[in-house]
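Down below is the structure, laid out as structure tokens.
The values are calculated or read from the model by the stated rules, or taken from the named source; none is laboratory data. No experiment lies behind these values; they were computed from the predicted model shown. Because the Cβ atoms are built from the backbone with ideal geometry, glycine has one as well, and the counts that use them run over all protein chains shown. Ligands, DNA and RNA are stripped out before the accessible areas are found, and what is left, the full protein with its side chains, is counted by its heavy atoms. Shrake-Rupley method; radii C 1.70, N 1.55, O 1.52, S 1.80 Å.
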Amino acid sequence: MRVLITAGPTREYLDDVRYLSNASTGKMGFACARAAARAGHAVTLVTGPVALADLPGVRTVRVTTAEEMYRAVMKAYPKADAAIMTAAVGDYRPARRFDGKIKKADGTLTLTLVRTRDILFEMGRKKGKRILVGFALEVQDAVHQALLKYKKKNLDYVVLNTPKTFAADSMDCRVYRA
């Protein structure tokens, strides 16, 4: 089986030194990739910026932004039999990236953010007979939000977890499927 897996955060740069991101370490996606490779599957791992070494026997594609992840995933997805989408992709990016470094000034700085592409939604639209697993990191109304994601994105499974899973070596999660 050919398995596509995503891992880690994405970064959306405000200027040359600052970015919007989250606390994802990529550990979950790398663990999934390691397990899939050990089970004999051909694995492509698309990962955001993480401090983890490439895994033996796993084709690793390193990206930074949500748009880069979108392009890498959409390139690999047509060849995949299954996809496990653990990455914590940023939902928004700055409408404008400042050149250099934003200098401190009096008053406030207002940032305008725009939506990034919804990778998982696009994958669900093109799913066909592939197995598609999504992850839902939720804080409020967690089960309801995870089940909405499951339906809206045409998933076969959704894994519900919490912010406590960031950087964890194990997790207590719930898996939902049809």
TODO: Can you tell me which residue among 18, 34, 38, 2 is in contact with a strand residue (DSSP E or B) (Cβ under 6 Å, 6 or more places away or on another chain), modelled with pLDDT of 95 or more, open to solvent by 60 Å² or more (accessible area, probe 1.4 Å) and not aliphatic (A, V, I, L, M)?
DONE: 2
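For the range 69-93: of the residues being free of Cβ contacts under 8 Å to residues at least 60 places away in the same chain and not in a loop (DSSP other than H, G, I, E, B), which is farthest from residue 21 (Cα to Cα)?
My answer is 78.
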Open item on the list: When you check residue 165 against the structure, is it at pLDDT below 80, open to solvent by less than 70 Å² (accessible area, probe 1.4 Å), of a type in the set (Val, Ile, Thr) and in contact with a strand residue (DSSP E or B) (Cβ under 8 Å, 6 or more places away or on another chain), yes or no?
Closed with: yes
Task: Among (1) touching a residue at least 40 places away in the same chain (Cβ under 8 Å); (2) out of contact with any helix residue (DSSP H, G or I) (no Cβ under 9 Å at 6 or more places or on another chain) - the single one residue 1 does not satisfy - done: (2)
